[in-house]
Amino acid sequence: MRETLKKVWALFAPAEQRKAILMLLLVILMAIAETAGVLSIVPFLSVLARPAIVHENQWLRSAYGTLSFSSENSFIVALGLTTMVVVIASSTFKALTFHVVGRFVHMQRQSLGVRLLATYLRQPYEFFLARNSSELSKGVLSEVDLVIFELLQPLSMLIAQGAVVLAMIVLVLAYDPLMAVCIVTAVGLLYGAIYLLVRKRLSNIGAARQIANTLRFKSCSEVLGGIKDVKITHATETYLTRFSHASREFSRHSATSDTLSQSPLYIVEAVGYTGLILIALVLLWRSGDMAQVLPALGLYGFAAYRLLPAVQIMYRGLARLRFSSATLNNIYNDLSLPQPSSANLAGPPLNPKKEIRLQGIQYAYPSASDKPVLNGMDLVIPANTSVGIAGKSGAGKSTLMDIILGLLQPQAGRLLVDGIPIDNSNVAAWQCAIGYVPQHIYLADASVAENIAFGIPKNEIDMQCVERAARTAQIHDFIEQELAEGYSSVVGDRGIRLSGGQRQRVGIARALYHDPAVLCMDEATSALDTETEEALNSAIRNLSGSKTILVIAHREASLRACDTVISMDATSEEPREVNTHVR
């Protein structure tokens, strides 16, 4: 439990930790107000049972004389109204406190989700090679909600209601220590026994629920992301069965958790109200005076009315903590991932003036560290020239591109721009100098202009830059003549309303929007028809003297416009070799 609370506290940012302390102080004030509300009913019941006590009790006698009451009945009415005001004020303050605490908890949903997504996005590219995107989405969209509503919210209620329970215990203890010890022992043993019986079960179903939730997101993401293949191969039923099984397991474990969290309430209610009758009989036996029993019974009854629901909420909070511990551990571990330094987040573009040099580059993917994809590669790309890279699949072309892009860090060797080594301190500045066109273009469900100016707020898009980039990518005429709303036309989810070649040209225009000094194209022409590809090659020739261009392609025709073509040939037994020739 202590370790769980430490992890929950670590989920808060420093400003949120300060707010949490203020929430705790507010809860303490609420507990004091709740005690005053319960305590206020005792004098009223005492006077109601035996009016003569007004003249016997020094506090009541003083109030009676100071406020100049003319009769005991008028004093009883005033005392009853005062009790009502105190109870209403106490309940109002309690409702206000729970609203403030609840709002604080709900705002953590936004804060924690943003921080977790920011943590993921700031990780190096290799992180995403090892983690499934649906798993990351599940963490941000689903597991954060679970931590907030199944852990943090019950925990806040546990603390708030714990303060109420403590206040009620102190009150009853002050009134009758022996009775208080008996009540606390009975309720504590009952809930403690139930919790000890179910806590292991809660941990197990919590871990199983998390696995089922991951499978739900993965199945849904895969089937919707590859809908064309699913339709062609008639794999609908397979994915439906997979999703249905995971969803059923997720729902079943959630239902079990709810049952284990709620069921003690009915047992304790029966025990509690039976106990009140026993208390009344014991008090009557001890005193033999109903006038003394009534105030005490009123105190115990009102305290039980406040105490039992609070204890149930505390138990449910503990149960939820146990059930959500597996999710908490994952969120905590992900938020603890290393963050880049501020030096990696800013800086002017590092435009090459002389050359881009790869020196002794060696790289192997973490999943196959004994099989280097690149082994001792040396390469020089003169500034403002165009270089093509050809080779079979698996030869390391895309890996080489990723290293040049600064997405992958080689295990040996260096990437230098004008003699400056590219490392974590300046990789962002280097990437600002690059326009990149991947083989598979991602298009958002937004307008053509927004997709070309990708990542730029809509009101800050420079339409002149958009049109210039579109003309160079050979898609301006299509946008103006074929699309009803021109650059304002929405392309649909993942660009579904455009052909493969059109999506590719939008991607090329995106790379050219910022007019980068370096243009990297990874199989960027694979979806283009021959005529458009030739037009693009012509554009590359025109840009070659003013930009450094790197093109990866399988087809020889795609590299005709390049000044230099590098052939990467590799076999499984030999390290890759690099041969260059000038066209």
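Here are a few things to note about the model shown:
- Just one residue in the set 96, 79, 26 is within 32 Å of the chain's Cα centre (by Cα), more than 30 Å from residue 331 (Cα to Cα), in the same structural domain as residue 158 (by TED's automatic domain parsing) and surrounded by 12 or more Cβ atoms within 10 Å (Cβ to Cβ); that residue is 96.
- Within region 127-159, the set of residues being in a helix (DSSP H, G or I), within 30 Å of residue 431 (Cα to Cα) and either touching an Asp or Glu at 6+ places or on another chain (Cβ under 7 Å) or not small (Gly, Ala, Ser) (or both) comprises 127, 128, 129, 135, 136, 138, 139, 140, 141.
- Residues of region 126-160 classified as more than 20 Å from residue 115 (Cα to Cα) and among the small types (Gly, Ala, Ser), total: 3
- Members of region 542-583 found to be modelled with pLDDT of 70 or more, in a loop (DSSP other than H, G, I, E, B) and under 29 Å from residue 371 (Cβ atoms), listed by number: 553, 554
- Single match in 507, 486 (criterion: closer than 29 Å to residue 124 by Cβ and of a type outside the set (S, T, N, Q)): 507
- Neighbours by Cβ (under 7 Å, 6+ apart or cross-chain): first from region 142-166, assigned by TED's automatic domain parsing to the domain that holds residue 35 and over 21 Å from residue 32 (Cβ atoms); second surrounded by fewer than 24 Cβ atoms within 10 Å (Cβ to Cβ) and charged (D, E, K, R): 144/109; 145/109; 148/109; 154/316
- Filtered residues of region 125-162 (kept if among the hydroxyl-bearing types (Ser, Thr, Tyr) and crowded, with 20+ Cβ neighbours inside 10 Å): 156
- Qualifying positions in region 505-541 - at pLDDT 80 or above and either out of contact with any strand residue (DSSP E or B) (no Cβ under 6 Å at 6 or more places or on another chain) or part of a helix (DSSP H, G or I) (or both): 505, 506, 507, 508, 509, 510, 511, 512, 513, 514, 515, 517
- The set of residues in region 411-425 that are assigned to a loop (DSSP other than H, G, I, E, B) and out of contact with any Leu (no Cβ under 6 Å at 6 or more places or on another chain) comprises 411, 418, 419, 423, 424, 425.
- Top-ranked residue of region 189-248 - restricted to ones that are surrounded by 12 or more Cβ atoms within 10 Å (Cβ to Cβ) and not in a helix (DSSP H, G or I), ranked as modelled with the highest pLDDT: 235
- In region 11-63, the residue that is farthest from residue 84 (Cα to Cα) out of those that are in contact with a helix residue (DSSP H, G or I) (Cβ under 9 Å, 6 or more places away or on another chain) and of a type in the set (D, E, K, R) is 16.
- Candidate set from region 439-455 (those that are hydrophobic (A, V, I, L, M, F, W, C) and within 26 Å of the chain's Cα centre (by Cα)); member that is surrounded by the most Cβ atoms within 10 Å (Cβ to Cβ): 443
- Here the condition is being crowded, with 16+ Cβ neighbours inside 10 Å, touching a residue at least 12 places away in the same chain (Cβ under 8 Å), out of contact with any strand residue (DSSP E or B) (no Cβ under 9 Å at 6 or more places or on another chain) and outside the structural domain of residue 128 (by TED's automatic domain parsing); of 479, 434, 420, it holds for 479 alone.
- Look at region 394-415: where a residue is in contact (Cβ under 8 Å) with a residue 24 or more places away in the chain and under 19 Å from residue 382 (Cα atoms) and a partner is polar (S, T, N, Q) and assigned to a helix (DSSP H, G or I), sitting 6+ places away or on another chain with Cβ atoms under 6 Å, you get 406/431.
- Segments classed as helices (runs of 4 or more DSSP H), wholly inside region 47-126, with at least 2 members that are of a type in the set (S, T, N, Q): 58-66, 72-121
- Residue in region 393-410 that is basic (Lys, Arg), closer than 15 Å to residue 360 by Cα and not in a loop (DSSP other than H, G, I, E, B) present: no
- Checklist (1) surrounded by fewer than 19 Cβ atoms within 10 Å (Cβ to Cβ); (2) of a type in the set (A, V, I, L, M, F, W, C); (3) over 25 Å from residue 352 (Cβ atoms) applied to residue 428, failing item: (3)
The values are calculated or read from the model by the stated rules, or taken from the named source; none is laboratory data. None of these values were measured; they are calculated from a predicted model. Neighbour counts run over all protein chains shown; Cβ positions are idealised from the backbone, glycine included.
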